[in-house]
Amino acid sequence: MCTSYPKIISIMILAKNGDVVIRELEVSDIPKLALYANNEKVSCNLRDAFPSPYTTDDAVRFVEMAAAKDPKTIFAIQYKGDYVGNISLTPGSDVYRKSAEIGYFIGEPFWNKGIVTKAVQLITRYGFENMDIVRIHTGIFEYNKASQRVLEKCGFRKEGIFKKSVCKKGEMYNEIRYALIRERNI
């Protein structure tokens, strides 16, 4: 007698801190990804490669691209069991191979709840413990004060200001560069 069982798909949970979880993206995240990403208040803080407007087709392509990466570098942020945004650690190459760039966004309904601070702490710890890196860095547009505060709360230090290095919607802005260096005993 042969019994057929439904295929079990396990989703890797990277890290958890209270109600905040970093996990692999799932197909079921696509509707909320499209909803939260299709927001000018979100896209204005991200690079132009991030589509705006953001459609369900964009979300499908993004989740497929994230799933194809090996190793995984793009993850979902989950809050109280629900998808609320994305976070990534992109390893550098060549002479930058010991560094990774952090990137993230969260849906506007979840702003100012401490979620991104916890997510950054989780992905930073994961990166230093599981990737062969000693430095995590990013660039923040000068007008994105909330993201600057998140990084500073997480121990990132301002390394410099790249004057008029970002062209967003036809305007030139400064980019604030932040980095965190791995401590020996993390």
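What does the C-alpha gyration tensor say about the overall shape of region 105-162? Classify as rounded when a/c is under 1.5, otherwise prolate if a/b is larger than b/c, or oblate.
oblate
Could you tell me which of Gly107, Asn17, Tyr83 has its Cα farthest along the dipole of region 10-111 towards the positive end, charges placed at Cβ (Lys, Arg +1; Asp, Glu -1), taken about the Cα centre?
With unit charges placed on the Cβ atoms, the residue in question is Asn17.
Under 1.5 on a/c is rounded, so check that first for region 28-91, then, if it is not, pick prolate when a/b is larger than b/c and oblate when it is not; a ≥ b ≥ c are the square roots of the alpha carbon gyration tensor eigenvalues.
Numbers: a/c = 1.43, a/b = 1.19, b/c = 1.20.
Rounded, since a/c falls under 1.5.
Excluding residues fewer than 8 places away in the same chain, name every one of the lysines whose C-alpha is closer than 22 Å to that of Lys164.
Within the straight-line cut-off, Lys164 pairs with Lys41, Lys145.
How far is it, in nm, from the label point at Cys44 to the one at Glu108 when both lie 7 Å from their Cα along the line to the Cβ?
1.0
Please work out the average accessible area per residue across the chain, using the 1.4 Å probe convention, and give it in Å². Can you show the working numbers first?
On the way: 11090 Å² over 186 residues.
About 60 Å² of surface per residue is accessible.
Taking only Cα atoms and a 10 Å spring cutoff, compute GNM fluctuations for the chain and point out the largest among Val120, Val166, Val20.
In this elastic network of the chain, the residue with the biggest mean-square fluctuation among Val120, Val166, Val20 is Val166.
Please quote Rg/Rh for region 41-152 to two decimal places, taking the Kirkwood radius as Rh and restricting both calculations to Cα atoms.
Reported Rg/Rh (Cα atoms, Kirkwood Rh): 0.94.
First compute the accessible area of the chain with a 1.4 Å probe, then give the percent of it belonging to carbon and sulfur atoms.
Heavy-atom surface of the chain belonging to carbon and sulfur, 1.4 Å probe: 52 percent.
Apply the Karplus curve 6.51 cos²θ - 1.76 cosθ + 1.60, θ = phi - 60°, to the phi angles in region 38-52 and return the couplings in whole Hz, x for Gly and Pro.
7, 8, 4, 5, 8, 5, 5, 9, 10, 5, 5, 5, 6, x, 8
Note down the nm distance, to one decimal, between modelled labels 7 Å out along Cα→Cβ at Lys169 and at Glu64.
Going from the Lys169 label point to the Glu64 one covers 3.1 nm.
The values are calculated or read from the model by the stated rules, or taken from the named source; none is laboratory data. Given the structure is predicted, the values throughout are model-derived calculations rather than measurements. Backbone-built Cβ (ideal geometry, glycine too); neighbour counts: all protein chains shown. The area values use the complete protein model at the heavy-atom level, side chains included, leaving out ligands, DNA and RNA. Shrake-Rupley method; radii C 1.70, N 1.55, O 1.52, S 1.80 Å.
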